[in-house]
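Have a look at this one before I ask anything.
Derivation of every value follows stated rules applied to the coordinates shown; laboratory data play no part. A quick note: this is a predicted structure, and the numbers were derived from the prediction, not measured. Counting neighbours? That spans all protein chains shown, and the Cβs are built from the backbone with ideal geometry, glycine included.
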Amino acid sequence: MTEESLRGRRILVTGATGFLGAALVRTLVDREADVTILVRDANPRRPLFESDVYSRVAVVSGALEDDRAIERALVQHEIDTVFHLGAQTLVGPAYREPLGTFESNIRGTYLLLDACRRQARSVRRIVVASSDKAYGSVDVLPYTEDTPLAGRHPYDVSKSCTDLIAQTYATTYGLPVTIARCGNIFGPGDVNYSRLVPGTIRSLLVGERPVIRSDGTYRRDYIFLDDAVAAYMMLAEHAADDTVRGRGFNFGPGRSHSVIEVVDAIRDEFGPDALAADIRDEAVAEIHDQHLAVDRARTTFGFHCRTGFVEALRRTIPWYRERLGATRGR
């Protein structure tokens, strides 16, 4: 989306206080879009609230499950573009308390999309955040967009449902919605230290052994934050196109890494004295191996990840070193 196409566009972002959402909001605001965000809880320790961006957006208070708040945001702010990133995004909490995840991820999605259906005269583009986890565990990788959505564990099921609901509203009602299925997103600004990359960086910065909850062999795609933001912007620009409407698109680097490979790559950036990982092999409700085929995004949009994995780590670690006031490592 060019700066000219964004200037003055009225955009609603759910999940704006999250890691990806905050980065997307900054990009939109910097390009002079008129941004509204839906916020359930204001946490001053989240990067969005710490930055100057928060003072440059309109804020609607409410949860995803609050259909009146969603309707108010769409109507009063005359929204024409929606980025639906709002969700409970962690596998662990979904396993421990599935109902909350189902409420936010499934009910929140259909309430939002139905509000967009009622406001279809003004809402012209919608991007819904699904996930590679929507595919579930399969025998043959990589996942293509034709791989059935077959989540089995609570978080995975919530994303399968989110994805299918979005397709339903596109197919049945012609809603201009498209779906992003990204691998694991990492980069500066993620303060959820239960995730592998930020958790490993923080541990090494404070002189602790990084914890690996699995046996270290689980594989994932890792996509840098800037590339993920670019993917969402591409989808929004083309959401109403007949070749894009109602379709899911995989976004990733085209290769996967094991957990231990990721940890070792981060340790390499800290030098030979970096502490070894504490491998606990206690993960539950986790898909063992995931890998995305990204041919559809390449042929449709010319998408490719611009930032290599090691370069992305080198652009990420300094943010945590500054935030934590740490001096360990290079």
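Given H placed 1.01 Å from N in the peptide plane, which residues other than close sequence neighbours of Ile223 have an amide H under 5 Å from its amide H?
Asn184, Ile185, Phe186
Between Glu50 and Leu324, how high is the FRET efficiency from 1/(1 + (r/R0)^6) when r is the Cβ-Cβ distance and R₀ = 22 Å? Nearest 0.05.
E(calc), rounded to 0.05, equals 0.95.
Just to check I understand the Karplus step: with θ = phi - 60° and J = 6.51 cos²θ - 1.76 cosθ + 1.60, what whole-Hz values come out for region 142-147, glycine and proline as x?
Along region 142-147, the couplings run x, 5, 9, 5, 8, 5 Hz.
Dipole size in debye (nearest 20) for region 75-123 around its Cα centre, Lys and Arg Cβ +1, Asp and Glu Cβ -1?
Approximately 100 debye in magnitude.
As a test of the formula, what do you get for the chain when each DSSP H run with n ≥ 4 contributes -39,500 (n - 2.57) and the sum is divided by the residue count, at 222 nm and rounded to the nearest 500 deg cm²/dmol?
Numbers: 13 runs with 131 residues, N = 330.
About -11500 deg cm²/dmol.
Rounded, prolate or oblate: pick one for region 65-164, where a ≥ b ≥ c are the square roots of the eigenvalues of its C-alpha gyration tensor, a/c under 1.5 means rounded, and failing that, prolate if a/b is larger than b/c, else oblate.
Details: a/c = 3.16, a/b = 1.66, b/c = 1.91.
Oblate shape, in that a/c is at least 1.5 and b/c is the bigger or equal ratio.
Karplus couplings for region 247-260 from phi (6.51 cos²θ - 1.76 cosθ + 1.60, θ = phi - 60°), rounded to Hz, Gly and Pro as x?
10, x, 10, 7, 10, x, x, x, 8, 10, 10, 6, 4, 5
Indicate, rounded to the nearest 5 percent, the antiparallel portion of the DSSP beta bridges found entirely in the chain.
Restricted to the chain, the bridges split so that about 5 percent are antiparallel.
With a Förster radius of 51 Å, plug the Cβ-Cβ distance of Ser258 and Ser5 into 1/(1 + (r/R0)^6) and report the FRET value to the nearest 0.05.
Working: r = 40 Å, r/R0 = 0.78.
In this case the efficiency is close to 0.80.
Related question: Mind checking which of Val211, Cys305, Gly189 is farthest towards the positive end of the chain's charge dipole, using Cβ charges of +1 (Lys, Arg) and -1 (Asp, Glu) about the Cα centre?
Gly189
Between Arg72 and Thr217, what is the spin-label point distance in nm, taking each point 7 Å from the Cα along the Cα→C-beta axis?
5.3
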